[in-house]
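The structure under discussion appears below in the form of structure tokens.
The values are calculated or read from the model by the stated rules, or taken from the named source; none is laboratory data. Since we're looking at a predicted model, the values are computed, not measured. Positions of Cβ are generated from backbone atoms using ideal geometry, with glycine treated the same way; all protein chains shown enter the neighbour counts.
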Amino acid sequence: MFGIKKSLLVSIWFMFLTFPLMVIRVDTIEKTVQWRWMNMVYVGVGAFLFSYVWRFLLERKAAGSAVDAPAATVKERFTQRILTDPKMYRPVIAIVLVGAVIFPLIMDTYQVNIMVTALIYVVLGLGLNIVVGLAGLLDLGYVAFYAVGAYAYALLNYHFGLGFWTVLPIGAGLGALFGIMLGFPVLRLRGDYLAIVTLGFGEIIRLVLENWNEFSFGPSGISNIPRPGFFGMAFDMHSATQYLYYLMVAMVLFTIFVVNRLQHSRIGRAWMALREDEIACQAMGIDRTKTKLTAFALGATWAGAVGVIFAAKTTFINPASFTFMESAIILSIVVLGGMGSIVGVMLAAFILVLLPEYLRAFSEYRMLIFGASMVLMMVFRPQGLISNIRKKDAYKRSSDA
Amino acid sequence: MDYFWELFFGGLTRGSIYALIALGYTMVYGIIELINFAHGEVYMIGAFTGLIVAGVFSLMGFSGASLLVLAMVIAVLYSSAYGYTIEKIAYKPLRGASRLAPLISAIGMSIFLQNYVLLAQTSDFLPFPALIPEFDFMEPYIDYLGSSELVIILTTVLVMIALTVLIKFTKIGKAMRATAQNKKMAMLTGVNVDHVISMTFIIGSGLAAVGGVLIATHIGQINFYIGFIAGLKAFTAAVLGGIGSIPGAVLGSLILGWTESFATGYISSDYEDVFAFCLLVLILIFRPAGILGRSTTQKV
Amino acid sequence: MSKLSYPLLDVSNLTMDFGGLRALNGVDLSVKSGEIVALIGPNRAGKTTFFNCITGIYTPTHGDIYISARGDKRRRINGMKPNLVTRHGMARTFQNIRLFPTMTVLENVIVGRHCRTHSGILGAVMRNSRTRREEQESVDRSYELLEKVGLQMFADELAKNLPYGAQRRLEIARSMATDPFILLLDEPAAGMNPQETAELGELVLRIREQEKIAVLLIEHDMKVVMRLSDRIYVVEYGQGIAAGTPEEVSKNPAVIKAYLGEEHDA
Ligand SMILES: Nc1ncnc2c1ncn2[C@@H]1O[C@H](COP(=O)(O)OP(=O)(O)OP(=O)(O)O)[C@@H](O)[C@H]1O
Ligand SMILES: [Mg+2]
């Protein structure tokens, strides 16, 4: 009874709140007003139902933290087992790998192309995951480093005819360089300032690319960027896409390998310690600025490298590909996936990229849903879809000790 | 010289708008130490509400100053309601969570609201009616100071005075200052901190809506994205002046307004937004506490 | 105390202002090798502030802080970054426990090894033999420390899931992993039951005997202070009001008035 009253109030409140924007649409030139009363009904019913869900989730969260989460039980333990027990995860990995290898052979170019895009976001997500997930640095301008890589390839190719494989390491290096250049002054600041400065930096890079015509060809961008070759061989469209696909699969594997090793290394632990408690971290003898800088630069390196691949994939780039929305998408991949969790980030990247691709209706609401899910995730499940589990057997004592 | 004065008043107008938005950032930051990324969106929603109200009531025969006041009042009301709701949904459940969580939640809220307006209204630029009349007595000065600019500047001054009175002399103002200084102590002395936080969001959002309606009618068009850049700049202004400090926010806004106005006027208009961000980065490097902010030591 | 003892930590005239508040006002303190020294005083006397100043978390307004590791030359550490202070051999724990909550207990301790190890990103990715050896040494040393504080069975638990007393001991193990020559403990017995407190006392004594680490501790529990310390410093309102052996201090009228008196009232 109490619940219904509460939900009714919520529903009325939201109907009031959304009334002007959802119902009325004015045309100030034609001097007409359009009334869309149906929207009010949707909002009312939606808010009513949603308030139940909200309360239920809040209660569950409160119960979960009270008894230290044996409630979030069976399913949790099951996913954990899949992720930690070699007997369980080895066959899964094998199946995924085989699937990945034969995928471009049985699918058409269009599908393969989409998959390449998804893989690009996987790598971007894993790269940003180093910065946000592991080191806890909120980087809202990640796409700037991606742009640096893409423009590095486009411009170096245009002016000097440099090939893909030459520019790939250069792009990565430039990403790192920009990361260090930006990071050095701002990383000693408090965390929330970092967020806003990186956001500003991302916008600066985009604005410069848009306005500095002599350098970047402005909003019209650069076209005819060559696809990667293979020892001088040129491909037709289909095989070029396949080639890129395998390249991206290799890149994903490489990234996983690196991130996985870093997670259980001296540097990785320092990153996590920094994320958990900066002051205790410093008191343990860890140089805060230097540690932050390595994470920031390493993330930027990845973005730079993937930028090169992106330019080679689309063969055309312009500043519109590097807006804040792009950074926001990559960030929501990390947040949804579970900060620090490799599997989670990969899963989130696939969901967020493939879902709008196959569900056109969904794509209109894509950013709306991303935004909402970032809020909901933070409120109800800050650890993400799949929380990062610290491996229990990562550190073995030597037997003679 | 006219050109100089044109840029001067242009900068002052900009600065006034930034100040109206920056106050929301600074007040919220002063109390819960959170960058409310969704604040720019509240400003944008204020502008949209103003547009809708103006559109509906102009058909009912309202015009001129009465229409402006009506649009302003309802926009303020709605923006405040949004600000209040945003805090309840996206920030309140996160008190005591890690410092990253509310920031991400704020970003998510900002993205959500942008796209909510985009879907509910349109992605195009909407023309905004000129609600501020051209005053005859402003005729001689028209080259460098228009009527709408005058109204913006004067309104901002009035709002600032009202805010100062509110904070200095009312009960809620005192509670706000106490909470900003020391949350625990405030709570012990019987301040209802939840209430104070809600009021801060309501007041800050209302101020932003005033700015939103004024700038929209001055520039003549709006879209769902205006809050993003304006919010970023107003935040820059707040940091410039010293985040948490109310006079600082005003001072920072004016400096930013003039910097932009003169830099675009004398250097290049292509890089209008770049100047603001460069200023932000420089300030953070050389004086992170801002002009009027005091550097404090985090208690360990 | 052996005759060969020499000062490890030497603080003179330490003053710290926060805006208008003078939290410390010309405090002197020294710790010699092999000593256990206590810093006591009523609430808000400035004890934690003292720790924060000498470990580089705050930059003191005035005063000199010198440390000299075993046989090393004296080094002035005013305004030095906290990580360098730790590197030079002074480690600490925190009054409000500051562990890395979602890392495992073992990892918390291994993090303490950071400033004594060297491998970088490249080493981590390649995992060459040097890195592997270094990792193994860190892991072994960390297990050893966990055993010393009696937490080896919790090695794989997340730090946040430990009971309160265990968290305090984990903080000690973590700071010992930085190989300090002097350990600063901020209210290590706070929130512990009598048995845990007694065990903690044994632990502190063992740290001094076995690891040859000097200890400076802040503590409100007078039984602990009297039993462990060789010397005691008393501060009140940021001012040093007495110093000496436990007997001397406990007879000092100023101390009885300022501190013990309050203790009896409480
Ligand atoms: N960063 C800071 N900014 C402002 N004031 C501070 C700061 N740190 C400490 N203080 C003030 O300095 C005084 C001393 O505090 P401190 O924490 O050092 O006391 P303490 O002796 O450790 O007390 P307790 O026994 O309660 O732990 C207090 O009045 C405290 O409010
Ligand atoms: Mg203390």
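Quick notes
- Yes/no for C:Leu146 being under 16 Å from the mean Cα position of the chain (by Cα), farther than 21 Å from A:Ile267 by Cβ and either surrounded by fewer than 24 Cβ atoms within 10 Å (Cβ to Cβ) or not β-branched (Val, Ile, Thr) (or both): no
- Listed here are the helices (runs of 4 or more DSSP H) enclosed by the stretch A:273-391 that have at least 2 residues being among the hydroxyl-bearing types (Ser, Thr, Tyr): A:288-314, A:324-337.
- Scope the stretch B:49-79; condition more than 19 Å from the chain's Cα centre (by Cα), polar (S, T, N, Q) and assigned to a helix (DSSP H, G or I); matching residues: B:Ser58, B:Ser66
- Some residue of the stretch B:269-288 being away from ligand 2 (no atom under 16 Å from the Cβ), in contact (Cβ under 8 Å) with a residue 24 or more places away in the chain and more than 12 Å from chain A (Cβ to nearest Cβ): no
- The one condition from (1) among the charged types (D, E, K, R); (2) within 14 Å of another protein chain (Cβ to nearest Cβ); (3) more than 16 Å from ligand 1 (Cβ to nearest atom) that C:Glu171 does not meet is (3).
- Filter result for the condition that a residue is surrounded by fewer than 21 Cβ atoms within 10 Å (Cβ to Cβ) and without any contact (Cβ under 8 Å) to a residue 24 or more places away in the chain, over B:Ile172, B:Ile167, B:Ile161: B:Ile161
- Among the criteria (1) at the interface with chain A (Cβ under 7 Å from one of its Cβ atoms); (2) farther than 21 Å from B:Leu163 by Cα, the one B:Arg95 does not fulfil is (1).
- Per the conditions (1) in contact with a Ser or Thr (Cβ under 8 Å, 6 or more places away or on another chain); (2) surrounded by fewer than 21 Cβ atoms within 10 Å (Cβ to Cβ), the sole criterion not satisfied by B:Ala249 is (2).
- Residue within the stretch A:275-286 that is surrounded by fewer than 19 Cβ atoms within 10 Å (Cβ to Cβ) and either closer than 30 Å to A:Thr315 by Cα or more than 7 Å from every other protein chain (Cβ to nearest Cβ) (or both) present: no
- Elements of type strands (runs of 3 or more DSSP E) in the stretch C:17-107, at least 3 residues being more than 16 Å from ligand 2 (Cβ to nearest atom): C:21-32, C:62-67
- Within the stretch B:207-229, the set of residues being assigned to a helix (DSSP H, G or I) and buried (at least 24 other Cβ atoms within 10 Å of the Cβ) comprises B:Leu207, B:Ala208, B:Ala209, B:Val210, B:Gly211, B:Gly212, B:Val213, B:Leu214, B:Ile215, B:Ala216, B:Thr217, B:Gly227.
- The one condition in (1) at pLDDT below 95; (2) not assigned by TED's automatic domain parsing to the domain that holds C:Thr117 that C:Leu184 fails to fulfil: (1)
- Condition check for A:Leu207: in contact with an Asp or Glu (Cβ under 8 Å, 6 or more places away or on another chain) and within 30 Å of B:Asn36 (Cβ to Cβ): yes
Residues are listed down the side, and each one gets a yes or a no for (1) more than 12 Å from every other protein chain (Cβ to nearest Cβ); (2) at pLDDT 90 or above; (3) touching a Pro at 6+ places or on another chain (Cβ under 9 Å):
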| site | (1), (2), (3) |
| --- | --- |
| A:Ser327 | no, yes, no |
| A:Ser332 | no, no, no |
| A:Met339 | no, no, yes |
| A:Pro356 | yes, no, no |
| A:Phe362 | yes, no, yes |
| A:Gln383 | no, no, no |
| A:Asn388 | no, no, no |
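- Close pairs (7 angstrom Cβ cut-off, 6 or more residues apart or separate chains): within 12 Å of chain B (Cβ to nearest Cβ) in the stretch C:45-62, away from ligand 1 (no atom under 12 Å from the Cβ) and among the hydroxyl-bearing types (Ser, Thr, Tyr) anywhere: C:Pro60/C:Thr15; C:Thr61/C:Thr15
- Subset of the stretch C:174-213 (residues that are under 13 Å from the mean Cα position of the chain (by Cα) and either within 16 Å of ligand 1 (Cβ to nearest atom) or more than 18 Å from C:Gly112 (Cβ to Cβ) (or both)): C:Leu184, C:Leu185, C:Asp186, C:Glu187, C:Pro188, C:Ala189, C:Arg208
- Single match in A:Phe322, A:Phe316 (criterion: aromatic (Phe, Trp, Tyr), more than 30 Å from C:Ala177 (Cα to Cα) and surrounded by fewer than 24 Cβ atoms within 10 Å (Cβ to Cβ)): A:Phe316
- Selection status of A:Ala305, in contact (Cβ under 8 Å) with a residue 40 or more places away in the chain, in the same structural domain as A:Asn113 (by TED's automatic domain parsing) and closer than 19 Å to A:Tyr153 by Cα: yes
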